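The values are calculated or read from the model by the stated rules, or taken from the named source; none is laboratory data. What you see is a predicted model, and the numbers here were worked out from it, not measured in a lab. Glycine also receives a Cβ, built like all others from the backbone with ideal geometry; neighbour counts cover every protein chain displayed. The accessibility values were calculated without ligands, DNA or RNA, using every heavy atom of the protein model including side chains. Shrake-Rupley method; radii C 1.70, N 1.55, O 1.52, S 1.80 Å.
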Amino acid sequence: APMHGVLAANPDWRVIDKSENVLRADLDWGTHPKLLATFPFPHRLTMAVTLADRTLTVSTTVAATSEQSVPLCYGYHPYVTIPGVPREDWQLHTPAMRHLLVDDRGLPTGESPDWPGGTRRLGTTELDDGFDAVDEGAAFWLSGGSHRV
């Protein structure tokens, strides 16, 4: 979505394929005046969610449905919890990568220092930034107590 929360609980998704471990759905943005009022670029949004070998994969495709280009990029916020463990005590594990810094308005600054990776206590850390230069197959996880996500 072009802005945080625009599609939260949107009832207009259409399931186009469903199997034991795959769900594909689409939303035709251009047919919904309220969505066009928020982001005036007609497009079809298709998501495929697959669970295989304990790996969740989310693929997103955006296709313009008019002659007008659709200027956007996508990112996802995972919302997870670890039962019985306070958030500040969770352990965050990331691979080495490049941290794409943003300013106080959430806009990229152009700075991209190396992020060393490893495991650290989450504490009060909030990450709403971009990262790139991540090796294929890299592992990210949160852990606490006997749980790991």
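For every residue, the table says whether it meets (1) over 20 Å from Arg54 (Cα atoms); (2) at pLDDT 90 or above; (3) not aliphatic (A, V, I, L, M).
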residue	(1), (2), (3)
Tyr79	no, no, yes
Leu92	no, yes, no
Arg105	yes, no, yes
Gly118	yes, yes, yes
Phe131	yes, no, yes
Gly137	no, no, yes
Leu142	no, yes, no
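Okay, residues lined up against (1) hydroxyl-bearing (Ser, Thr, Tyr); (2) open to solvent by less than 80 Å² (accessible area, probe 1.4 Å):
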residue: Arg44; (1), (2): no, no
residue: Val62; (1), (2): no, yes
residue: Thr65; (1), (2): yes, yes
residue: Gly75; (1), (2): no, yes
residue: Gln91; (1), (2): no, yes
residue: Pro95; (1), (2): no, yes
residue: Gly123; (1), (2): no, yes
residue: Asp135; (1), (2): no, no
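If you check Pro40 against the conditions, is it modelled with pLDDT under 95, more than 20 Å from the chain's Cα centre (by Cα) and within 30 Å of Glu20 (Cβ to Cβ)?
Details: modelled with pLDDT under 95: yes; more than 20 Å from the chain's Cα centre (by Cα): yes; within 30 Å of Glu20 (Cβ to Cβ): no.
Judged against the criteria, Pro40 is not a match.
Which of the residues spanning the range 118-149 are closer than 20 Å to Val80 by Cα, in contact (Cβ under 8 Å) with a residue 12 or more places away in the chain and assigned to a loop (DSSP other than H, G, I, E, B)?
Leu122, Gly123, Thr124, Thr125, Asp128, Asp129, Ala138, Ala139, Phe140, Gly145, Val149
Counting just the residues of the range 9-47 that are in contact with a helix residue (DSSP H, G or I) (Cβ under 6 Å, 6 or more places away or on another chain) and either basic (Lys, Arg) or part of a helix (DSSP H, G or I) (or both), which one comes out nearest to Ser66 (Cα to Cα)?
Within the range 9-47, the match that is nearest to Ser66 (Cα to Cα) is Trp29.
Ala52 is checked against (1) under 30 Å from Trp29 (Cα atoms); (2) touching a strand residue (DSSP E or B) at 6+ places or on another chain (Cβ under 8 Å) and fails just one. What number does that condition carry?
(2)
Are there any pairs, at least 6 apart or on different chains, whose C-beta atoms fall under 6 Å, with the first in the range 92-117 and more than 22 Å from Tyr79 (Cα to Cα) and the second β-branched (Val, Ile, Thr) and surrounded by 14 or more Cβ atoms within 10 Å (Cβ to Cβ), and if so, which?
Pro108/Val102
Identify the residue in the range 77-89 that is out of contact with any strand residue (DSSP E or B) (no Cβ under 7 Å at 6 or more places or on another chain) and assigned to a helix (DSSP H, G or I) and, among all such residues, is least open to solvent (accessible area, probe 1.4 Å).
Glu88
Determine, yes or no, whether Val70 is within 25 Å of Val49 (Cβ to Cβ) and open to solvent by less than 70 Å² (accessible area, probe 1.4 Å).
yes
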